[in-house]
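The values are calculated or read from the model by the stated rules, or taken from the named source; none is laboratory data. For clarity, every value in this text was computed on a predicted model and none was experimentally measured. Cβ sites come from the backbone with ideal geometry, for glycine too, and all protein chains shown count toward neighbours.
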Amino acid sequence: MARVWRVRRSPSAMPAWLAVVFYAALVTWAVVVLFPLYWILVTSFKLPIHVYAGPVYLPFVDFMPSLHAWRYIFVDLRNDTLRPFENTVVVALVSSTLAIVLGTGAGYGLLRFHYRPRLSAILLFAATAVLVIAALAERVNGLAAIGGGALLFLLVRAVLGRRGRTVGNDDIAFWMISQRMLPPVAVVIPIYVMFQRLSLLDTRAALIITYTAVNLPIVVWLMRDYFRNISLELEESAAIDGASPYRIFWSIVLPLATPGLAATFLLVLVFSWNEYLFALFLTSANAQTLPLSIAAQNATRGPMWWYMSVLILIMITPVIAMAIALERYIAKGLLVGALKG
């Protein structure tokens, strides 16, 4: 009965006056959403006198368009514009790709394979990693790190033993997503000190490593939920036919997960593209990204809206173009988990 009601109330069957109201509301909302983009585009072709004279909306009617701001950004400030843009593109694409590659495998593994590591083993691994990083950063002597690791191993074995508490897949997944609950400002100083000791400050590598680590939990969580909607019977049938787990993953699961991969990739790309706090602490000149460049120019030259409009357009256009290119995949990927059965 409910299905019949929905069919009768479909847009093609509704009264003409009601369809006019709906489409008028949609057009009004589209104008409200798109008007800021139009305003930025129009402002980028204005001279300072047109900006300060008051709101003018229509080129060739209210004012004559000018390429003054575009020439200033791409000719006079060429190095100050192209280098941050190149850094942003490289860092965002590489970090998003690494996060997708690592997070997709981790999400699938947490869903299809059952892990029961002992808590003692996890604590031992974490402590060993801390000792290794400290040794690399020359905070402790290498022999002291080895001796401390051996003593720590004996202590963990003695306290927790072989039958210590185990950790399951859900515990691991929750621990990973809990990393996103921690405010970035709480960890930015330790990250800064770590890269300073490793001589990686003001490099793209520092930003790529940081962005990958920050976005990895999101990829794991989203792809894990998306893989849950893929029929397990398909994988079982392939396994019966002799396919290995790697062949099942590459030939069956990944093609079916393309919409989820596209939506997740665009999400983490936007996060990396717009990130400001880590870039502020970890870079100064060579690896400066576009958000920092916009903020720096605004602080040094004041609110020159015609120049800011050009920089904003440079920043948002690639993301919008990628979203349009991946639209058909994103529309499916955003519905992950929305339909069951």
Can you name the residue in segment 42-58 that is surrounded by 15 or more Cβ atoms within 10 Å (Cβ to Cβ) and not charged (D, E, K, R) and is also farthest from residue 314 (Cα to Cα) among such residues? 50
Where residue 211 falls short, out of the listed (1) at pLDDT below 90; (2) surrounded by 16 or more Cβ atoms within 10 Å (Cβ to Cβ): (1)
Given the criterion farther than 30 Å from residue 182 by Cα and surrounded by 13 or more Cβ atoms within 10 Å (Cβ to Cβ), identify the matching residue among 293, 272, 237. 237
Taking the residues in segment 8-26 that are in a helix (DSSP H, G or I) and surrounded by fewer than 10 Cβ atoms within 10 Å (Cβ to Cβ) as candidates, determine which candidate is modelled with the lowest pLDDT. 8
Is it the case that some residue within segment 303-310 is at pLDDT 85 or above and under 30 Å from residue 75 (Cα atoms)? yes
What is the number of the single condition among (1) under 24 Å from residue 105 (Cβ atoms); (2) without any contact (Cβ under 8 Å) to a residue 12 or more places away in the chain that residue 296 does not meet? (1)
Hey, residue 46 hits all of (1) outside any helix (DSSP H, G or I); (2) under 28 Å from residue 285 (Cα atoms); (3) among the basic types (Lys, Arg) but one; which does it fall short on? (2)
May I ask you to say which residue of 174, 271, 249, 195 is in the same structural domain as residue 87 (by TED's automatic domain parsing) and closer than 19 Å to residue 326 by Cβ? 271
With the condition kept exactly as written, say whether any residue in segment 122-140 is modelled with pLDDT of 85 or more and of a type in the set (Gly, Ala, Ser). no
